[in-house]
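Beneath this line is the structure, given in C-alpha cells, with notes to follow.
The values are calculated or read from the model by the stated rules, or taken from the named source; none is laboratory data. On a predicted model such as this, the values are computed, not experimentally measured, just so you know. Using ideal geometry, Cβ is built from the backbone for each residue, glycine included, and neighbour counts are taken over all protein chains shown.
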Amino acid sequence: MKSWMSGLVMGLCLWTAHAMEVKIILTSSPSQDQTDENRQRCAGMYSRKAWGGPVDPYINILFPAVQTDKDAVVSVVVFEWKDEDLIGIRENPESLKKIGICEDKWVKKGYCNETDIGEFILAEGATEKSKNLIQTYAVNLKDPGKPTKYMISQTGYYCVLTDRFTAQNYEAVVEFRNAYGELPATQIPKLPFYGGVTILYALVAVFWGFLYYQHRHDILPVQNYITAILIFLVVEMLMTWGFYDYLNRNGSNIGSKVLLVLVAILNAFRNSFSFFLLLIVCMGYGVVKHTLGRTMIWVRWLAIAHFVFGLVYAVTSLLVTPDEAGIFVLLIVLPLASTLTAFYVWTLNSLNFTLKDLRERKQHTKEAMYKKLWWCILISIFVIFGFFFFNSFSFASVNDPDYVPFHWKSRWFILDGWLNLVYFADVAWIAYVWRPTANNRRFAMTDFGMARYVGDPAPKLTQLVVTLWYRAPELLLGAKTYDWSVDMWSVGCIMGEMLTREPLLQGSNEVDQVTKIFELCGVPTQESWPTFRSLPNARTLRLPKTSLVTGSIIRAKFTSLTNAGCGLLNDLLALDPDKRPSAKDMLQHKYFSEDPKPKQESMFPTFPSKAGQERRRRHEPHAPGRGQQAADLKEADFSGIFQGRDREERGGGFQLRMV
C-alpha cells in the first residue's frame, strides 16, 4: 500500500496566496523531493452565498496527456477536510496504518470492488456520513479526458490529494475558483477590510482638515507633518485596496506585480514616516521646542536609511525564496533591524526626557499631553505583546493536522489585520491630542507654571528659563541673577504679539534671538544699558561703532498704536532690566485710561482651554437685575463716552452718583 497520510499535514500549509492556479508535479527523478507534500494541494473555499459572485465556485483538475506504452494511472480524491476520516480504512481496529488505494489484493479481501481499482478507498457509508461530496477517481494519463470539475456548495477547507498507482511521473494543474473572483479565500477578507480602513482614515483626515482650515493661521510645524501623514495614509490604504481589487478582477499578471511593488514601496515609506513623526513628537517638536536644530537632520537621515533598508527587504522578500536566501538574508535584515532599534531607543529616551523636563519646569498642561502619548505607546505595546502571547498558544499547535483547516479564515487577521487596527488607533489618538486649536502657538510657545516666589536674598534660580521667543536679553547673555523684570519683558513680547497677531521676536537660536532683539530695541549703549558689559556672554560680543548705532524702531513698527501704547511697549521692552516697569506700574500706565476703555473683568466670557483638553462649560456674563449692586457702583464716570480718539469733538461729559 502506498503511504500518503503522513504527508497530508505538510500539504495543508501550502497556501495559494497570490494565484488560484497551482501545479502538482511528481517524478521519479532523484533530484526531486519525494515527500508526500508534493502530492496534494489544499485551500479554503467560500460558497457562492457567502461572498456572492457571478459563478458557482469549483475546483478544476487537469492532467496533461503523456506518451507511454504502459498504462500510467494516477489516483485522485477531492474532499473537505472535515471528511478526512472517511478516506481509507483500517484492516483491524488496532492497525495504525490505513489502506488508501484500491488494489487487487484489497479487492480479494472485499475492501473494495474491482471497478474501483486505482481509486481511493472510502469508509463504509462515507456518502451518507460526509458533510460534503467526496469525489475519487483514477486517471489514465494516456487518455486523461476532460478536466474534472468539483463543485463547491458549502464553505470549507478543500484538498486535492493524488498518488501514484502505476504512473511514475505525472503532472496536474489544480484551479481553485471562488465565486467572487481570482483572489484566494484566505485573502478576500482583506478587500472589505482595507476599504473600511481607507474610509476610517478619510474620516480622520476630513476631521483634521476641517480644524486645520479653521485655524490655518495658527498651525504648528508638527501639525503640518501630521497633515502630510494623514493624506499619505489615505492614499496608501486606497492603493492597497486597489491592489487586492485588481488582483481579484484580473488575477496575477504584469499589472498586479507592478501594483504589488508600488504597495511595498508605500508600506516602507509609511513605516519610516511614522517612526520619524513619532520621534519628533516625543522630542517635543512644535509644542515644547520650536526647533530641533541639527538633531532634525540626523532624524531625517535615520528615516531615509530605514526607508531604503525596508524597501530593499520588501523587494528581496518578493524575489528571493527562503530556501535561496541563506546568509544573504542577514545583509538585508541586520541594517533594517539596526535602524528599527535606533528608532525605538531614541523615541523612548526622548519621551522620558521631555516628560522629565516638563515636570521640572511645572508645565503641567503640556506634561498631560505627553502623558497621554506615553499611555498610548504603553497600551499599544501591551496590546501587541498580549496578542502575541495569546497567539503563541495557537501557534504551538501548528503541527496539528486540524490547525490550518480551522484557522484559514482568520489567519490573515492574525498576520496583518490587527496590526493595521492598532496603527490606526495610534494615529487617530495622536491626531486627536495634537489637533489644531485656536490657541496653538500661544500654548506651544508659552511656559505655563514657571512662577516662583522670590525674597531677600534672592534664591538660586535656573538660568535657562522662559521660551526662547519671550526670553529677556539679560538671560540670553548669561545673567546669573534675575527678578520679575524678565517677566515684564515677556509681557512686552506678548503685547507685541497681540498687536501683530504673530510672535514678535522669532529667533531660530539664542544668537539669532539676541540679533532680533537688537534690531527691534536698538544696540545697547552705555546710556541705554550701563551694566551690559558685565554680563558673561556680552564680553565677547562685537557691536557696531557708536556712530552706526540706531535706537528702538518700535514706534516705526507699530504705526497704528497710540503714543501712550508705544511708550508702554518701549518701557516693557527696555534693554536695561532696571528700567522696566513693575506689574503695578504697568496697570497704572495712562495707556489703560485712554479710549477705548478696558472692559471690566467680570464682563469677559470664559472658554475652556482647547489645548488643555478642558471639558468645563463656558461662562457667559449676565446683566445685573433691576436695582441690584447699585450701591456698590458709587461714582460712575461717563466723561469719555462721547469721545473719539484725537478725532472727534471732545464732550464735556457728566457724572452720576448712585444712591
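Would you mind stating whether E128 is in a loop (DSSP other than H, G, I, E, B) and surrounded by fewer than 21 Cβ atoms within 10 Å (Cβ to Cβ)? It would help to see each step written out before you state the result.
Numbers: in a loop (DSSP other than H, G, I, E, B): no; surrounded by fewer than 21 Cβ atoms within 10 Å (Cβ to Cβ): yes.
Here the answer is no, as E128 does not meet what is asked.
Being in the same structural domain as L62 (by TED's automatic domain parsing), under 24 Å from K98 (Cα atoms), within 53 Å of the chain's Cα centre (by Cα) and part of a strand (DSSP E or B) is true for just one of Y150, Y158. Which residue is that? Before you say what the answer is, go through the steps one by one.
Numbers: Y150 fails: under 24 Å from K98 (Cα atoms).
Result: Y158 is the single residue among Y150, Y158 that is in the same structural domain as L62 (by TED's automatic domain parsing), under 24 Å from K98 (Cα atoms), within 53 Å of the chain's Cα centre (by Cα) and part of a strand (DSSP E or B).
Condition check ((1) out of contact with any Phe, Trp or Tyr (no Cβ under 8 Å at 6 or more places or on another chain); (2) modelled with pLDDT of 85 or more; (3) over 17 Å from V73 (Cα atoms)) across all residues:
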| residue | (1), (2), (3) |
| --- | --- |
| Y111 | yes, no, yes |
| F120 | yes, yes, no |
| T127 | yes, no, yes |
| G145 | yes, no, no |
| G156 | no, yes, yes |
| T162 | no, yes, no |
(message) Looking at (1) among the acidic types (D, E); (2) surrounded by fewer than 19 Cβ atoms within 10 Å (Cβ to Cβ); (3) at pLDDT 85 or above, which one does D104 not meet, given that it meets all the others?
(response) (3)
(request) Could you tell me whether A50 is aliphatic (A, V, I, L, M) and surrounded by fewer than 20 Cβ atoms within 10 Å (Cβ to Cβ)? (result) yes
(message) I'd like to check something: does the range 512-526 contain any residue that is in contact (Cβ under 8 Å) with a residue 40 or more places away in the chain, more than 26 Å from D585 (Cα to Cα) and surrounded by 14 or more Cβ atoms within 10 Å (Cβ to Cβ)?
(response) yes
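Consider A574 carefully, then state whether it is within 17 Å of E474 (Cα to Cα) and modelled with pLDDT of 85 or more. Walk me through it before giving the result.
Values: within 17 Å of E474 (Cα to Cα): yes; modelled with pLDDT of 85 or more: yes.
Here the answer is yes, as A574 does meet what is asked.
If the requirement is being small (G, A, S), loosely packed, with under 15 Cβ neighbours inside 10 Å and assigned to a helix (DSSP H, G or I), which of these qualifies: G255, G293, G242, G310? Outline the logic, then answer.
Values: G293 fails: assigned to a helix (DSSP H, G or I); G242 fails: loosely packed, with under 15 Cβ neighbours inside 10 Å; G310 fails: loosely packed, with under 15 Cβ neighbours inside 10 Å.
Result of the check over G255, G293, G242, G310: G255.
Before we move on, is Y194 in the same structural domain as W429 (by TED's automatic domain parsing), assigned to a helix (DSSP H, G or I) and closer than 30 Å to N253 by Cα? Step through it out loud before you land on a result.
Working: in the same structural domain as W429 (by TED's automatic domain parsing): yes; assigned to a helix (DSSP H, G or I): yes; closer than 30 Å to N253 by Cα: yes.
Yes; evaluated as a whole, the condition is true for this residue.
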(message) Whether any residue in the range 61-69 is in a strand (DSSP E or B), at pLDDT 80 or above and not assigned by TED's automatic domain parsing to the domain that holds N253 is what I want to check.
(response) yes
(request) Would you check which residues across the range 561-582 are assigned to a helix (DSSP H, G or I) and of a type outside the set (S, T, N, Q) and list them? (result) A564, G565, C566, G567, L568, L569, D571, L572, P577, D578, K579
(message) Checking the condition under 17 Å from E474 (Cβ atoms) and at pLDDT 85 or above, which residue from K557, K516, K584 passes?
(response) K516
